[in-house]
Amino acid sequence: MPPLAEPLIRFRGVKKAFGPKVIYRNLDLEVYPGETITIMGGSGVGKSVMLKLLIRLLEADAGSVTFHGEEITRMNELKVSHVRRRIAMLFQGAALFDSISVGENVEYGLREHFRHEMTPEQMRERAHWALSLVGLPGIEAMRPADLSGGMKKRVGLARAIAVQPEVLLYDEPTTGLDPINTERINHLINGLKKAIDVTSIVVTHDMKSAFSISDRMAMVHSGSIILCGTPDDFRRSTDPRVHDFIHGIAPVNEDVATLLQS
């Protein structure tokens, strides 16, 4: 059951298409303060699109997206900028700038959103704090090219938390990582929830990670959410679409099945 609180984020009747390709026909989802909710589904169903709709990197074709009850889809650019100060995103490839140092990468969001409120020294101190939280203190002078894949993800996460957001968006945070680094990222997601009291929305197709970090899970299929509930709700689900996805069972084309039986 969701917490007894007003939703922090709400998608209602959201529609989104790219030309003839329909991504969302009717997206309904609520996210509650302090929870970690994981968005699951096959490739191309629109999991990452949902995150981008929330921070207006993409525009919804119809429907409503609200944050603290305010309609994001109707905000002007100034108000959207203020929302982006409160909702930070860890992009799938970490999206670090190779031409600047790790420290400058972590300070990037601070310079974008807080340049009139923080001194350069305060930004450096905040970057050090954020890197320490992800277990990478003292690497400010290094360059992204000198980092492993796992370290790049953690630096990207440090950049996201440096702005001290209310909400963290994770776009496939464990993609391309070995099992040790995957566990490290999962541990960080769980730890940051407690350390900085953040609400997290995680997009992933990694079922082991999803079950280890989630308070609730939501599965996208054919343009809408077909199940939203606790990890136990997903384990107990009798919906074949849910069961097959979480157990990694690929649907077999009927013609192929006939050939295999002949």
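The values are calculated or read from the model by the stated rules, or taken from the named source; none is laboratory data. Treat the numbers as computed from the prediction; the structure is a model and nothing was measured. Quick reminder, even Gly has a Cβ in these numbers, built from the backbone with ideal geometry, and neighbours come from all protein chains shown.
So here's what we get for this one:
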{"read-out": "Those residues of the range 50-84 which are more than 18 Å from ASP171 (Cα to Cα), of a type in the set (D, E, K, R) and assigned to a helix (DSSP H, G or I), in sequence order", "value": "ARG74, GLU77, LYS79"}
{"read-out": "Restricting the range 5-32 to residues that are of a type in the set (Asp, Glu) and farther than 23 Å from GLY44 by Cβ, the residue that is nearest to the chain's Cα centre (by Cα)", "value": "GLU30"}
{"read-out": "Where ARG154 falls short, out of the listed (1) of a type in the set (Lys, Arg); (2) crowded, with 18+ Cβ neighbours inside 10 Å; (3) over 30 Å from MET40 (Cβ atoms)", "value": "(3)"}
{"read-out": "Residues that are at pLDDT below 90 and surrounded by 20 or more Cβ atoms within 10 Å (Cβ to Cβ), drawn from the range 97-116", "value": "GLY109"}
{"read-out": "Selection within the range 138-163 - in contact with a Lys or Arg (Cβ under 8 Å, 6 or more places away or on another chain) and either over 19 Å from HIS187 (Cα atoms) or among the small types (Gly, Ala, Ser) (or both)", "value": "GLU140, PRO144, GLY150, ALA162, VAL163"}
{"read-out": "Test: residue in the range 29-37 that is of a type in the set (D, E, K, R), free of Cβ contacts under 8 Å to residues at least 40 places away in the same chain and either surrounded by 21 or more Cβ atoms within 10 Å (Cβ to Cβ) or at positive phi (or both)", "value": "no"}
{"read-out": "Residue within the range 68-78 that is out of contact with any strand residue (DSSP E or B) (no Cβ under 9 Å at 6 or more places or on another chain) and surrounded by 17 or more Cβ atoms within 10 Å (Cβ to Cβ) present", "value": "no"}
{"read-out": "Condition broken by LYS52, with the remaining ones in (1) within 13 Å of GLY223 (Cβ to Cβ); (2) within 15 Å of the chain's Cα centre (by Cα) satisfied", "value": "(1)"}
{"read-out": "Filtered residues of the range 44-62 (kept if touching a residue at least 60 places away in the same chain (Cβ under 8 Å) and aliphatic (A, V, I, L, M))", "value": "VAL45, MET50, LEU51, LEU54, ILE55"}
{"read-out": "Which listed residue, of ALA94, ALA127, is part of a helix (DSSP H, G or I), in contact with a Gly (Cβ under 6 Å, 6 or more places away or on another chain) and surrounded by 12 or more Cβ atoms within 10 Å (Cβ to Cβ)", "value": "ALA127"}
{"read-out": "Count of the range 130-159 residues which are farther than 23 Å from GLY176 by Cβ, among the hydrophobic types (A, V, I, L, M, F, W, C) and part of a helix (DSSP H, G or I)", "value": "0"}
